[in-house]
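Shown next, in structure tokens, is the structure this report addresses.
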Amino acid sequence: MNDDIKTLIQNHLDNNEVCLFMKGTPDAPQCGFSMAVSNMLKIMEVKFQGVNVLEDQNLREGIKVFSDWPTIPQLYIKKEFVGGCDIVKEMYESGELKKIFEDKGINFKK
């Protein structure tokens, strides 16, 4: 991963409390897993930044190196990597995701 991509990723994390690196955009997801995580955040009415990794192959590969996680989407909350679709779905269903948002002071629909 080159420094430009690392800086781009870090800027997204620095400037957005909730950041979803995904295929496509929140309004037009390009994969089912990205759509699932995006929809969970929308249902919770969490303000989040979707970052389309399909626009840049270096970003698509770089985020996997950055997080040491092989798949996309990837959810970050206050610069902390939370997980991919399966992990986020489990956390959503168990209520753990709400707890993380509460603990970190992120507004969401209760």
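The values are calculated or read from the model by the stated rules, or taken from the named source; none is laboratory data. Computed from a predicted structure; not experimentally measured. Cβ sites come from the backbone with ideal geometry, for glycine too, and all protein chains shown count toward neighbours.
Structure data summary
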quantity	calculated
Residue match in segment 79-96 (condition: of a type in the set (V, I, T), in contact with a Lys or Arg (Cβ under 7 Å, 6 or more places away or on another chain) and at pLDDT 95 or above)	no
Members of segment 74-88 found to be part of a strand (DSSP E or B), surrounded by fewer than 19 Cβ atoms within 10 Å (Cβ to Cβ) and touching a helix residue (DSSP H, G or I) at 6+ places or on another chain (Cβ under 6 Å), listed by number	F81
Residue list for segment 42-73, filter: touching a residue at least 60 places away in the same chain (Cβ under 8 Å) and either surrounded by fewer than 13 Cβ atoms within 10 Å (Cβ to Cβ) or not in a loop (DSSP other than H, G, I, E, B) (or both)	I43, E45, K47, E61, G62, V65, F66
Matching entry among I72, I100 (being within 13 Å of the chain's Cα centre (by Cα) and among the β-branched types (V, I, T))	I72
Yes/no for V37 being assigned to a loop (DSSP other than H, G, I, E, B) and either touching a residue at least 12 places away in the same chain (Cβ under 8 Å) or among the charged types (D, E, K, R) (or both)	no
Every pair of residues 6+ apart whose Cβ atoms lie under 8 Å, when the first sits in segment 6-34 and is under 17 Å from L97 (Cβ atoms) and assigned to a helix (DSSP H, G or I) while the second is at pLDDT 95 or above and β-branched (V, I, T)	F33/T71; F33/I72; S34/I72
Restricting segment 89-110 to residues that are in a helix (DSSP H, G or I) and not charged (D, E, K, R), the residue that is farthest from C19 (Cα to Cα)	S94
Count of residues meeting criterion [without any contact (Cβ under 8 Å) to a residue 12 or more places away in the chain and within 24 Å of L8 (Cα to Cα)] in segment 81-110	0
F48 vs. criteria of a type in the set (F, W, Y) and under 13 Å from G84 (Cα atoms)	no
